[in-house]
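Inspection log for the structure reproduced underneath, given as structure tokens.
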């Protein structure tokens with residue numbers, strides 16, 4: 001495969017991931033839902049459907065293909081592979097579907113689980129394209145292509161394991177000058193099924209008062225078996241200023257999004273059937289641009305008050321002498 005074609009395939013797969021949790025649409029071709037979760041026993045079959053919509057102005061024939069996927073790196077990006085085993089080989093779906101202009105159809109598919117299938121999670125994607133899959137090894141078909149993730153759990157003795165590997169600010173520092181801040185945690189799943197952590201990050205000030213509660217998994221992301229995934233959680237709603245912003249711009253921003261002092265961030269997560277974990281990190285926020293202006297203001301105020309007091313005292317003395 002040439003480097004350019006390899007890059008094209010990677011970009012296409014990344015685009016599929018971006019649509020993995022919402023309605024998938026590309027080039028007037030829509031597939032819904034973007035993912036489906038199934039549970040089955042070994043040596044059993046399960047059937048379901050997905051909706052396919054032809055939004056083009058003419059009749060169109062669509063072609064299907066099925067690929068396994070696994071975790072790639074810690075970003076949650078899946079790596080798709082054409083395989084003759086695993087879930088991709090268990091899925092049966094019509095290879096060619098023709099729809100008229102504006103027509104929508106429910107496309108059936110069946111998953112036949114072998115009797116010797118491993119317990120736990122199995123993952124694949126059903127792709128629908130406007131061009132037929134290439135029959136030659138190493139070639140990539142180019143055309144409108146969308147996909148639906150199929151997340152299958154095979155019943156049996158599930159193994160659960162793993163937890164949080166690290167929790168800190170994204171830059172691993174404990175010092176910041178202003179919001180927003182990004183908390184980052186890495187979660188490892190050593191079990192045999194996907195894990196979807198649920199919980200919150202509670203931010204407390206120096207008095208122990210909780211001032212913010214953040215969803216620890218806002219993207220509802222899963223961690224696949226035997227993999228690690230990184231999650232980013234933002235504290236602060238206003239968009240961060242560029243580093244090139246002026247001193248006074250930062251001072252005004254810090255006044256609008258005021259944060260000063262020592263804070264603790266406690267993350268509590270629940271995952272699996274009954275597992276949970278708690279992690280805490282400390283941070284110190286000092287908005288030095290804003291505090292510099294406050295200090296200058298206090299110095300100027302003190303100087304003015306000192307002059308006024310001195311003049312007042314002089315006036316009092318003068319009045320006393322006149323009366324004497």
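List of remarks:
- Given their separation in residues at 0.36 nm each and the Cα-Cα distance between them, residue 56 and residue 311 gain 83.4 nm when the chain is fully extended.
- The relative contact order of segment 162-286 comes to 33 percent, based on Cα pairs under 8 Å that sit 6 or more residues apart.
- Rounded to 5, the percent of DSSP beta bridges in the chain classed as antiparallel: 90 percent
- The order of the peptides 218-227, 289-298, 54-63, 118-127 by mean Cβ neighbours within 10 Å, most packed first, is 118-127, 218-227, 54-63, 289-298.
- Ordered by the number of other Cβ atoms lying within 10 Å of each residue's own Cβ, fewest first, 235, 288, 315 fall into the sequence 315, 288, 235.
- Principal axis extents of the C-alpha atoms in the chain (largest first, rounded to whole Å): 113, 50, 37.
- Using a simple spin-label model with pseudo-atoms 7 Å out from Cα toward Cβ, residue 249 and residue 323 lie 5.9 nm apart.
- The distance between label points at residue 36 and residue 119 comes to 2.7 nm (points 7 Å beyond Cα on the Cα→Cβ vector).
Every read-out reported here was derived from the displayed coordinates using simple, explicitly stated rules and does not represent laboratory data. Treat the numbers as computed from the prediction; the structure is a model and nothing was measured. Neighbour counts are summed over all protein chains in view; Cβ atoms, including those assigned to glycine, are modelled from backbone coordinates with ideal geometry.
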